[in-house]
1. Being of a type in the set (Ser, Thr, Tyr) and in contact (Cβ under 8 Å) with a residue 60 or more places away in the chain is the filter; apply it to the stretch 143-168 and report the residue that is surrounded by the fewest Cβ atoms within 10 Å (Cβ to Cβ).
2. Which one is nearest to Arg19 (Cα to Cα), of the residues in the stretch 41-96 that are of a type in the set (A, V, I, L, M, F, W, C) and in a loop (DSSP other than H, G, I, E, B)?
3. For the stretch 219-238, which residues satisfy the criterion of being in contact (Cβ under 8 Å) with a residue 60 or more places away in the chain and either over 30 Å from Ser45 (Cα atoms) or outside any helix (DSSP H, G or I) (or both)?
4. When the stretch 285-337 is examined, which residues are found to be outside any helix (DSSP H, G or I), free of Cβ contacts under 8 Å to residues at least 40 places away in the same chain and hydroxyl-bearing (Ser, Thr, Tyr)?
5. Consider Gly287 against the criteria (1) out of contact with any strand residue (DSSP E or B) (no Cβ under 9 Å at 6 or more places or on another chain); (2) among the small types (Gly, Ala, Ser); (3) closer than 30 Å to Leu118 by Cα: it satisfies all of them except one. Which criterion is unmet?
6. Just a yes or no: is a residue in the stretch 334-348 of a type in the set (S, T, N, Q), surrounded by 14 or more Cβ atoms within 10 Å (Cβ to Cβ) and modelled with pLDDT under 90?
7. Criterion first (closer than 23 Å to Leu71 by Cβ, at pLDDT below 95, among the hydroxyl-bearing types (Ser, Thr, Tyr) and out of contact with any Asp or Glu (no Cβ under 6 Å at 6 or more places or on another chain)) does Thr397 satisfy it?
8. Using the structure shown, decide if Phe147 is in the same structural domain as Ala46 (by TED's automatic domain parsing) and either at pLDDT 95 or above or touching an Asp or Glu at 6+ places or on another chain (Cβ under 7 Å) (or both).
Amino acid sequence: MIALGAATIFAAVVRLTDRIAINPWEPAIAMEAVRLNAGLPIYDSAHATHMYGPFLTLLLAGIFRVTGLNLLDARILMSIFALALSVFLAVLFCRKCSRDWVAFAVLLFLGINFRTNLALLSAQPDCIAILIACLGLLIWTTRRKSFIGPVVAILLFVWATLFKQTTAAFALIPIAFVFMWRRPLALREVLISAIPTMSILATLALVRVASPEMFRAIVAVPASIQVHWERAPGIFFYLMATFPLFFVGLIAVFSRQRPLDQRDQWILSALVVLVPISILAICKSGGSYNSLLPAYLAMTALFVSRLDVTIEWLNKLSARRAILASPMIVLIILLSFFVQFDRALAVLTLRHGDEKYDVAVKTARDLGTGVISPQDPTIAYRAMGYLGNSLIFELDTHSVNGNWPSHLPESLSRELAAAKFVIQVKSFVPSPMFDRALIEKGFSPVPVVALADSAYTLWGKQSN
């Protein structure tokens, strides 16, 4: 518990005090909120936007109206939602336990951060979307004769989906629950359980009619990304083999000390849905470990839900057996969350840029108009208020056969042709097509002493 808590605090302090962008998506997402605050359309054919739901842009726009363009504030707010999600799940599933055990459960859920590329400490909408979806699921499971509860639950499912589309999977859990646990199986129950899913589909159909560009960004573009199905068996084996905490919970499921109750049944139903969906998400081209967050949450929830059974089992052991079993469970917990700790540390040190960000902004400001920065559009915006295209979003939107194109999309190519200077950002996400395009468009590096040995390079167009 001490090791997990110390590691969590260390990661939070490092990540939530760093004002530099941690990946190329963060500044690009932020700029969409800036566009919204400027009264510009987010979904149009003139530029590419992100593939998350529109509520992410609305939330960030609200933050920036108060704080101005501030990536750190956005990251902190999303991390607060991650903490709220962990506390919510711990309180919900850690039953008949003392406050110390509830705190321990909170740390377990926070520990998933080290298995998901620190997704709980990013500006991505994963945690807020899952929190909303979990609230919807809780209300749905406790619905009574009143129609208000189900309506609120459906609205929450839709709201979560419009933050991040993959959380629509939570609306499938009621269907899985009915098929797994309702006997005899009644058609009425099946139809009722399908209402959340049908509501999401109806909402997306309405979006397609009312805003085709939004539908393209949040549905058509993500659907066009290639899925590498051949990776699925390996990912499933990896998920099972490196998270033994799940098997402790699974063994406790079959314990006679406490029969399965409805909460256990809902968790098992969630596992049936969220594990395959998470594996599908990570198998998409460009998929990363943060895609496994829903699966890890469900697997950890199973352990936490049966934690009372595990504690009771340990208490019944003889002193000698308890001395052997307790360290074994501790080792399983440490292995489950720290098996990728070296990778987590590497991710913690990654930045999209460096401490000379302000110098890059000043350089662009001194040059005046004609400067663009597609790899980090916040640079040109801070320098002269220019709302340019994002390289990452343009590549995502104009994928070829489900992968990034080998050449720049036309919209970005035109912007590059009209520019006088470009601020290039060296990143851990390679973009060779952009590097080639700079040379093809007649740009060459311009030495800037203040930017020496930094991630930022100024390119100027050669005179004809």
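1. Selected residue: Thr166.
2. Pass one, the stretch 41-96, residues of a type in the set (A, V, I, L, M, F, W, C): 42, 46, 48, 51, 55-56, 58-61, 63-64, 66, 69, 71-72, 74, 76-78, 80-85, 87-94.
This time we only want the ones that are in a loop (DSSP other than H, G, I, E, B), so: 42, 46, 48, 51, 69, 94.
On the way: Ile42: 25, Ala46: 30, Ala48: 25, Met51: 24, Leu69: 11, Cys94: 36 Å.
Among those that are of a type in the set (A, V, I, L, M, F, W, C) and in a loop (DSSP other than H, G, I, E, B), it is Leu69.
3. In the first step, residues of the stretch 219-238 are kept if they are in contact (Cβ under 8 Å) with a residue 60 or more places away in the chain; the result is 221-222, 224-227.
Once the filter is applied, which keeps residues that are in contact (Cβ under 8 Å) with a residue 60 or more places away in the chain and either over 30 Å from Ser45 (Cα atoms) or outside any helix (DSSP H, G or I) (or both), the stretch 219-238 yields Ile225, Gln226, Val227.
4. To start, the set of residues in the stretch 285-337 that are outside any helix (DSSP H, G or I) comprises 285-288, 306, 317-318.
In the following step, the residues that additionally are free of Cβ contacts under 8 Å to residues at least 40 places away in the same chain were identified as 287, 317-318.
Listed by number, the list holds a single entry, Ser318.
5. For Gly287, the exception is condition (1).
6. Pass one, the stretch 334-348, residues of a type in the set (S, T, N, Q): 336, 340.
Those still in the list that are surrounded by 14 or more Cβ atoms within 10 Å (Cβ to Cβ) too: 336, 340.
From what's left, modelled with pLDDT under 90: 340.
Within the stretch 334-348, one or more residues are of a type in the set (S, T, N, Q), surrounded by 14 or more Cβ atoms within 10 Å (Cβ to Cβ) and modelled with pLDDT under 90.
7. Working: closer than 23 Å to Leu71 by Cβ: yes; at pLDDT below 95: yes; among the hydroxyl-bearing types (Ser, Thr, Tyr): yes; out of contact with any Asp or Glu (no Cβ under 6 Å at 6 or more places or on another chain): yes.
Taking the combined requirement at face value, the residue satisfies it.
8. Numbers: in the same structural domain as Ala46 (by TED's automatic domain parsing): yes; either at pLDDT 95 or above or touching an Asp or Glu at 6+ places or on another chain (Cβ under 7 Å) (or both): no.
Taking the combined requirement at face value, the residue does not satisfy it.
The values are calculated or read from the model by the stated rules, or taken from the named source; none is laboratory data. Bear in mind that the values here come from a model prediction, so they are computed numbers and not experimental data. Here the Cβ is made from the backbone with ideal geometry for all residues, glycine too, and neighbour counts use every protein chain on show.
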